[in-house]
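The values are calculated or read from the model by the stated rules, or taken from the named source; none is laboratory data. Computed from a predicted model, the values in this text were never measured in an experiment. Counting neighbours? That spans all protein chains shown, and the Cβs are built from the backbone with ideal geometry, glycine included.
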Amino acid sequence: MASKKLIGMGAAVLIVISVVVSLAFINGTFNYLGETRTVQDQAGREVEIPTNIEKLVAIQPGCLRLIVYMDAEDLVCGVEEVEKTPNARPYAFACPEMSELPSIGPIFGGDPELIVHQDPDIIFSTYTTADDADTLQELTGIPVVVLNFGDLNEGKQDFYDALNLLGDILQKKARAAQLINYVESLITDLDERTKNIEESEKEWIYVGGIGYRGAHGLESTECQYSPLEFINGKNSAQNLTTGHAFIDMEQLFKWEDQGTLDYILVDGGGYSMCMSDLKNETGKYGPANLEVVKNDPPRLIMVLPYNWYTHNYATIFIDAYYLGKRFFPEQFNDVEIAGSDNIFDDIYESFLGEGVYDEMSDFYFGGFHNITHNEIETFAN
């Protein structure tokens with residue numbers, strides 16, 4: 001009889017333990033088993049993570065792009081809803097299978113409940129704060145590591161630190177070093193080709209249609225547009241401010257009168273809105289002046305999207321090489337931009353593992369080309 005009581009008590013204890021453990025898993029207290037270690041993320045937080053990462057999610061702008069750069073897309077177990085729609089993200093063309101993964105919620109951060117449902121070992125997040133990362137970690141019970149996406153100018157070291165942190169966490173340090181060295185080699189090559197060109201031989205260039213939390217028309221620009229920076233070009237908007245800016249169309253005419261505007265680049269992400277701006281423009285950039293300017297060289301040039309859900313780093317370099325070839329042909333005479341051995345696919349493949357220039361070009365209105373007045377005139381709003 002006593003043994004039966006002991007057995008019954010043991011069973012009851014096991015049930016209680018089972019319930020506690022289940023609740024712990026639900027609340028995230030034991031959201032992974034095995035060895036752990038502590039890393040410091042780019043928000044300065046100490047985060048305990050599993051030693052071996054088998055499943056992950058990446059939220060906020062650019063975060064999934066970094067995962068693909070690190071050749072770790074096979075670890076992704078869910079994606080934000082935006083990843084299921086086609087747009088200016090080359091990594092989406094390189095990894096179309098990711099669009100079939102379960103949704104973890106809307107753009108700009110997903111949904112904690114949907115993230116938990118996919119049971120990742122770790123959450124990577126860009127464009128967030130330490131407090132918000134702590135809150136998400138508490139809500140999900142999953143380690144949250146903050147990455148700083150950086151940029152290719154003053155924030156370049158932040159970008160490199162993000163790659164190195166990912167390399168450490170995902171056991172891909174060699175890949176991080178390889179990509180950092182490759183980026184440095186591109187920056188050096190572009191600079192070496194153009195640093196000795198006389199200022200008088202350079203055209204003044206404005207870029208419109210830059211994405212900034214959505215698509216915009218000609219008024220949206222980047223004052224330190226990296227593709228121009230890398231080829232030591234002259235940006236009409238370079239003295240306005242730092243980073244992104246909005247202007248009005250009258251500013252274009254002022255720059256032209258001052259001799260500081262020769263060409264306009266139309267970013268592919270804002271192509272439709274830029275074309276609407278141009279079609280409604282009654283001055284020299286609009287279709288009404290077709291007869292007046294029909295013999296002039298094209299002054300409007302389509303380029304691939306610089307920014308969509310933050311910076312497209314591979315595309316930035318592709319734009320830079322195109323502009324170098326276009327405006328400084330002598331210095332770029334050995335660079336192939338057409339055919340099977342073109343530099344565009346080389347760059348995409350180095351970042352993404354796949355050459356996707358044709359896909360980007362097809363999706364974005366034929367890729368690099370001169371925008372004619374006839375193209376503006378026949379554009380359907």
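Screening G355, G324 for residues that are among the small types (G, A, S), touching a Lys or Arg at 6+ places or on another chain (Cβ under 8 Å), surrounded by 15 or more Cβ atoms within 10 Å (Cβ to Cβ) and at pLDDT 95 or above leaves exactly one candidate, G324. Scanning the range 211-250 for residues that are surrounded by fewer than 24 Cβ atoms within 10 Å (Cβ to Cβ) and of a type in the set (V, I, T) turns up T241, T242, I247.
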